[in-house]
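> First the structure, then my questions, so here it is.
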Amino acid sequence: MTLAIFDLDNTLLAGDSDHAWGEFLVSRGLVDGAWYKAQNDRFYSDYCRGELDIIAYSEFVFSVLVREEPETLAAWHRAFMTEQVSTMILPKGRELLAQHRAAGDRLLIITATNRFITGPIAAELGVDDLIATEPEMQDGRYTGRVAGVPCYQHGKIDRLNDWLAATGESAEGCCFYSDSRNDIPLLEFAARPVAVDPDDVLRAHALAKGWPVMSLR
């Protein structure tokens, strides 16, 4: 069994689920619209430049989770899946997952986006194993803080190594698919890195390294 690792946003999805969640909250009037949109857009621009403060952004996203009951959040997320995520899932992304599944590979999604947002998306894609930024919880409620190491840039390698140790899985021969310059450290770590609809920085890096470049769009 070989490990097949996938980034989620702008790789298997045609868009960024973290940013889309913010847009969903604004569209539903669940947050202070103008202020929240400006902050959400600013953080996303920072991410695209490879300059995101992942703790600050996570705490911004988690601030909404803190104030609501879990049942309310679950209902919001079901609507989010229907209204936003359903149109973002790429058919060719599903096909790629199916190819690796048929080959007997173990599928793993690894994403900087937090588990509250991405857990149901991974389930919809039929991927049981997910490494994501973890929102801290106490007594069944979100605290607003990040638990452990954020799953971002070099942190993805740390989190993957923890997962490998916990599961007994091996990274030998693993492949990793991603679109983002933020994932260059993990792409360098993988035996078979693949750039998927890459941003300009990753595309140049992939071409210089001789990595495959593909599109799921």
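What follows is calculated from the coordinates using simple rules that are stated; it is not laboratory data. Because the structure is predicted, anything quoted here is derived from the model rather than measured. Virtual Cβ from ideal backbone geometry, glycine too; neighbours counted across all protein chains shown.
> May I ask you to order 185-191, 2-8 by the average number of other C-beta atoms within 10 Å around their residues, highest value first?
2-8, 185-191
> Using a 10 angstrom cutoff on alpha carbons, build the Gaussian network for the chain and name the most mobile of G29, G144, G119.
Comparing G29, G144, G119 in the GNM, the peak value goes to G29.
> If you restrict to DSSP beta bridges whose two residues both lie in the chain, what percentage is antiparallel, to the nearest 5?
Taking every DSSP beta bridge within the chain, about 20 percent pair in antiparallel fashion.
> Let me test this: with uniform point scatterers at the alpha carbons of region 72-178, what is the Debye-based log₁₀ I(q)/I(0) at q = 0.17, 0.24 1/Å?
-0.94, -1.45
> Sticking with this structure for a sec: If you add up the charges near R217, with Lys and Arg at +1 and Asp and Glu at -1, over every other residue whose beta carbon is less than 11 angstrom from its beta carbon, what do you get?
Net charge around R217: -1.
> Which residue, D139, D46, D183, has the most motion in a Gaussian network model of the chain that connects Cα atoms within less than 10 Å?
D139
> If Lys and Arg each add +1 and Asp and Glu each add -1, what is the summed charge of the other residues whose beta carbon sits under 13 Å from the beta carbon of G140?
Net local charge, G140 excluded: -4.
> Rounding to the nearest 10 and keeping the result within 0 to 90°, find how far the Cα-based axis of helix 33-48 lies from the longest principal axis of the chain.
Here the helix axis deviates by roughly 20 degrees.
> What number do you get for the chain when its Cα radius of gyration is normalised by 2.2 N^0.38 Å, N = residues?
0.99
> With just the Cα atoms defining each centre, how far is region 21-38 from region 190-214? Give it in Å.
Cα centroid of region 21-38 versus Cα centroid of region 190-214: 34 Å apart.
> How large is the convex hull of the C-alpha atoms of region 1-116 per residue, in Å³?
Output value, Cα hull per residue: 121 Å³.
> Provide the FRET efficiency to the nearest 0.05 for the D46-E95 pair, computing r from the beta carbons and using R0 = 30 Å.
Efficiency for this residue pair is about 0.40.
> Still on this structure, please answer the following. Using a Gaussian network model of the chain with C-alpha springs under 10 Å, which one of W76, W35, W21 is most mobile by mean-square fluctuation?
W35
> Rounding to the nearest 20 debye, state how big the charge dipole of the chain is about its Cα centre with +1 on each Lys and Arg Cβ and -1 on each Asp and Glu Cβ.
That gives a dipole near 400 debye.
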